[in-house]
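Asks: Got a structure here, written out as structure tokens. Questions coming.
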Amino acid sequence: MRILILGGDGYLGWPQALYLSAQGHDITIFDNLSRRLFDLERGFNSLTPLQTLHERIATWQTISGRQIHFRIGDVMDYEALAATFQAVQPDAVVHFAEQRSAPYSMIDRKHAVFTQTNNVVGTLNVLYALKEFAPTCHLVKLGTMGEYGTPNIDIEEGFIEIHHKGRSDILPFPKQPNSFYHLSKVHDSHNIMFCCNIWGLRATDLNQGIVYGFETEETALDPRLATRFDYDQIYGTALNRFCVQAVAGSPLTVYGTGQQTRGYINLMDTIRCIELAILSPAKEGEYRVFNQMTEQFSLLELAEKVIEQSSHLGLEAQIKYFANPRVEKEQHYYNATHTRLLELGLEPHLLTEDVIASMLTFAIAQRNAINPQVILPTVNWRAAQNTVTSHEPKLPQ
Ligand code: NAD
Ligand code: USQ
């Protein structure tokens, strides 16, 4: 298949491109490299040393004999996007190209506006490009489990049957997101569902949990193929951060009570789920939602797992409770259905002791690259203005 990967230079997009290329698909990456620019501006770094996109692609070609095509471009630039759709004529488009950090979106007004503009307008452009140039192409869009929030009932896969005053209907599951970033995904979901309905587009919205891990079969072939491993307070996610903190000798930063429970998924399962969605596409006019997670844990459960494995490696990790910089429920019910990808054939890689040990071992090997200055949280949801650095995103005119 011809597959266009928007955001194919990112944490998930790059290993996805490698994996689908290895399966024999014809891959084109479209990315504006904004994620790399953010690190350069702030002095943040991925724990895995990253090669340029050119070097990554050349390495893959040498190793596999397969070519990945790429175009540097912004999904907010409709002309560039449209030209890419016309040139590639994709059978499937995987859309990762969004600003994906909740703390980034809560820094201040400019970062909130940037996040929602980049994500919502970008996705709207993708929907128009599909309509104009590839109406039968299947859109596989990365959403997030955080769209649902933490309701006091089981979370269903996208839709719920409601009985109300003697009538019933199957309606989108209620959304209660916890950040302007998570809200941008809700807005995207509504726009995608609407376009499937009015134009007959076909789309799969993957409400994904928090991804952990840094390696796939393909990235492990050569260090130059590594994907990013973020551990900073803006882009680092819970488990990845806890592993690096344990190695850095910093306390594990548990916000609030640590009872917050979320869905999690291994990086290797992420790329397989997306392949499964591509191979069984949505029908014409169909908007479907899969909950892309394999297990759920509270933060304390994760922290305790990291502490236990750390002790086997001679590290003395400990928890430090921080006053929660976020506004979120700290004691709540959480039970999310996630059967549709299993039905399509997903065989999950679960969070075993070995997985955590391998993440810790990798962090130990990279110990000298850890910058302790970027670990502690400074973005507070309650503040109208947070100072991360003086840099501000450029807003659209
Ligand atoms: P990432 O920031 O590493 O990658 C996103 C890529 O998109 C980057 O390479 C960036 O340069 C590019 N990009 C951003 N805006 C763009 C634009 N306007 N035009 C072109 N390229 C643009 O993020 P990731 O962790 O790989 O996440 C990918 C997707 O998966 C995101 O949509 C995210 O919301 C979703 N997701 C991620 C996780 C996770 O834990 N990482 C969990 C659930 C959902
Ligand atoms: N948390 C801590 N300590 C930390 C970091 C986070 O206690 O050092 C807590 C947060 O308060 C929150 C939970 O851990 O309760 C998860 O935070 P996170 O930063 O790991 O994940 P989140 O902000 O939800 O965002 C990440 C990705 C995002 C994706 C989302 C999936 O950055 O792109 O959409 O996971 S989900 O959480 O299912 O919505």
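Asks: Let me spell it out: the conditions are (1) more than 17 Å from the chain's Cα centre (by Cα); (2) closer than 22 Å to residue 100 by Cα, and residue 250 meets all of them except one. Which number is the exception?
Replies: Residue 250 satisfies every listed condition except (2).
Asks: When you scan segment 261-300, how many residues do you find that are outside any helix (DSSP H, G or I) and more than 15 Å from ligand 1 (Cβ to nearest atom)? Talk me through it step by step, then tell me what you get.
Replies: As a first pass, look at segment 261-300 and keep what is outside any helix (DSSP H, G or I): 261-266, 280-298.
In the following step, the residues that additionally are more than 15 Å from ligand 1 (Cβ to nearest atom) were identified as 261, 280-288, 298.
So the answer is 11.
Asks: Here is a follow-up. Out of curiosity, is residue 280 more than 30 Å from residue 94 (Cα to Cα) and among the small types (Gly, Ala, Ser)? Full working, then the answer.
Replies: Details: more than 30 Å from residue 94 (Cα to Cα): no; among the small types (Gly, Ala, Ser): yes.
The answer is no for residue 280.
Asks: What residue, among those in segment 17-38 that are away from ligand 2 (no atom under 15 Å from the Cβ), of a type outside the set (Lys, Arg) and assigned to a helix (DSSP H, G or I), is farthest from residue 130 (Cα to Cα)? Full working, then the answer.
Replies: Taking segment 17-38 as the starting set, the residues that turn out to be away from ligand 2 (no atom under 15 Å from the Cβ) are 17-33, 36-37.
From what's left, of a type outside the set (Lys, Arg): 17-33, 37.
Now drop any that are not assigned to a helix (DSSP H, G or I), which leaves 17-22, 37.
Values: 17: 20, 18: 24, 19: 24, 20: 21, 21: 22, 22: 26, 37: 28 Å.
The qualifying residue farthest from residue 130 (Cα to Cα) is 37.
Asks: So, in segment 106-148, how many residues would count as being more than 12 Å from ligand 1 (Cβ to nearest atom), of a type in the set (Asp, Glu) and within 12 Å of residue 189 (Cβ to Cβ)?
Replies: Qualifying residue count, segment 106-148: 0.
Asks: Looking only at segment 71-112, which residues are over 21 Å from the mean Cα position of the chain (by Cα) and closer than 30 Å to residue 386 by Cα?
Replies: 77, 108, 109, 110
Asks: Of the residues that make up segment 6-20, is at least one crowded, with 22+ Cβ neighbours inside 10 Å and at positive phi? Quick ask: steps written out before the conclusion?
Replies: Let us first name the residues in segment 6-20 that are crowded, with 22+ Cβ neighbours inside 10 Å, namely 6-18, 20.
In the following step, the residues that additionally are at positive phi were identified as 7.
Within segment 6-20, one or more residues are crowded, with 22+ Cβ neighbours inside 10 Å and at positive phi.
Asks: Same structure again: So which residues in segment 348-357 are in contact (Cβ under 8 Å) with a residue 12 or more places away in the chain and not in a helix (DSSP H, G or I), if there are any at all? Steps first, answer last, please.
Replies: In the first step, residues of segment 348-357 are kept if they are in contact (Cβ under 8 Å) with a residue 12 or more places away in the chain; the result is 348-351, 353, 355-357.
The answer is 348, 349, 350, 351.
Asks: Could you tell me which residue of segment 233-256 is nearest to ligand 1 (Cβ to nearest atom), considering only residues that are in a strand (DSSP E or B) and farther than 13 Å from residue 372 by Cα? Give the derivation first.
Replies: Here is the first cut: in segment 233-256, the residues in a strand (DSSP E or B) are 252-255.
This time we only want the ones that are farther than 13 Å from residue 372 by Cα, so: 254-255.
On the way: 254: 18, 255: 17 Å.
The residue in question is 255.
Asks: Something else now. Is segment 253-272 home to any residue that is closer than 25 Å to residue 26 by Cα, surrounded by fewer than 23 Cβ atoms within 10 Å (Cβ to Cβ), over 13 Å from the mean Cα position of the chain (by Cα) and not hydrophobic (A, V, I, L, M, F, W, C)?
Replies: Yes - at least one qualifying residue is present in segment 253-272.
Taken together, the values in this text are just the output of simple stated rules run on the coordinates, not laboratory data. The model shown is predicted, which means the values in this text are computed figures rather than measured ones. Positions of Cβ are backbone-derived with ideal geometry, glycine not excepted, and every protein chain shown enters the neighbour counts.
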